[in-house]
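The values are calculated or read from the model by the stated rules, or taken from the named source; none is laboratory data. Computed from a predicted structure; not experimentally measured. Cβ sites come from the backbone with ideal geometry, for glycine too, and all protein chains shown count toward neighbours.
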Amino acid sequence: MYPEFVLNVKSNKDKSVLPIVNITVYPNPANSDIVNFRLTNVTNVNSLEIRVYNIKGQMISRSNEFQVRNGDAFFTWDKKDVKGHNVASGVYTYQIISGNTQLGLGRFLVVK
């Protein structure tokens with residue numbers, strides 16, 4: 001079993017922002033071909049976007065392709081950058097946003 005990184009995010013007072021309770025990244029460290037992100041208690045993913053940054057702070061990937069199942073949103077990242085290249089081992093930061101509002105921020109480790 002892999003350890004999970006869980007970031008608790010309080011819901012925003014603005015009712016138009018989606019209330020996300022937890023963000024789970026697994027496996028962490030990511031030593032498989034994919035990294036999974038799970039956002040609990042999400043009913044609408046239309047305005048959600050995930051961005052992945054390298055250790056230099058450069059955005060290397062972004063997507064709004066979430067799937068909703070049983071009130072949770074799921075995103076699977078293939079560990080490729082925007083050019084389609086496999087990313088190197090290292091620490092990466094993810095950001096979950098809705099419009100201009102940051103809903104979550106965390107780090108995960110990719111190992112080869």
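Structure summary
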{"read-out": "Failed condition for ALA73, given (1) in contact with a strand residue (DSSP E or B) (Cβ under 7 Å, 6 or more places away or on another chain); (2) more than 13 Å from ILE23 (Cα to Cα); (3) not in a loop (DSSP other than H, G, I, E, B)", "value": "(2)"}
{"read-out": "Top-ranked residue of the range 42-64 - restricted to ones that are hydroxyl-bearing (Ser, Thr, Tyr) and assigned to a strand (DSSP E or B), ranked as surrounded by the fewest Cβ atoms within 10 Å (Cβ to Cβ)", "value": "SER63"}
{"read-out": "Meets criteria (over 18 Å from PHE108 (Cβ atoms) and either out of contact with any strand residue (DSSP E or B) (no Cβ under 9 Å at 6 or more places or on another chain) or at pLDDT 90 or above (or both)) for ASN64", "value": "yes"}
{"read-out": "Subset of the range 76-112 (residues that are outside any strand (DSSP E or B) and within 18 Å of TYR26 (Cα to Cα))", "value": "ASP78, LYS79, VAL87, ALA88, SER89, VAL111, LYS112"}
{"read-out": "Which numbered condition VAL91 misses (of (1) at pLDDT 95 or above; (2) surrounded by 14 or more Cβ atoms within 10 Å (Cβ to Cβ))", "value": "(2)"}
{"read-out": "Within the range 94-110, tally of residues that are hydroxyl-bearing (Ser, Thr, Tyr) and surrounded by 15 or more Cβ atoms within 10 Å (Cβ to Cβ)", "value": "2"}
{"read-out": "Residue match in the range 20-30 (condition: modelled with pLDDT under 95, assigned to a loop (DSSP other than H, G, I, E, B) and farther than 17 Å from LYS112 by Cβ)", "value": "yes"}
{"read-out": "Counted residues, the range 19-68 - those being in contact (Cβ under 8 Å) with a residue 60 or more places away in the chain and over 17 Å from VAL91 (Cβ atoms)", "value": "2"}
{"read-out": "Residue count, the range 65-77 (criterion: in contact with an Asp or Glu (Cβ under 8 Å, 6 or more places away or on another chain) and exposed (fewer than 13 other Cβ atoms within 10 Å of the Cβ))", "value": "0"}
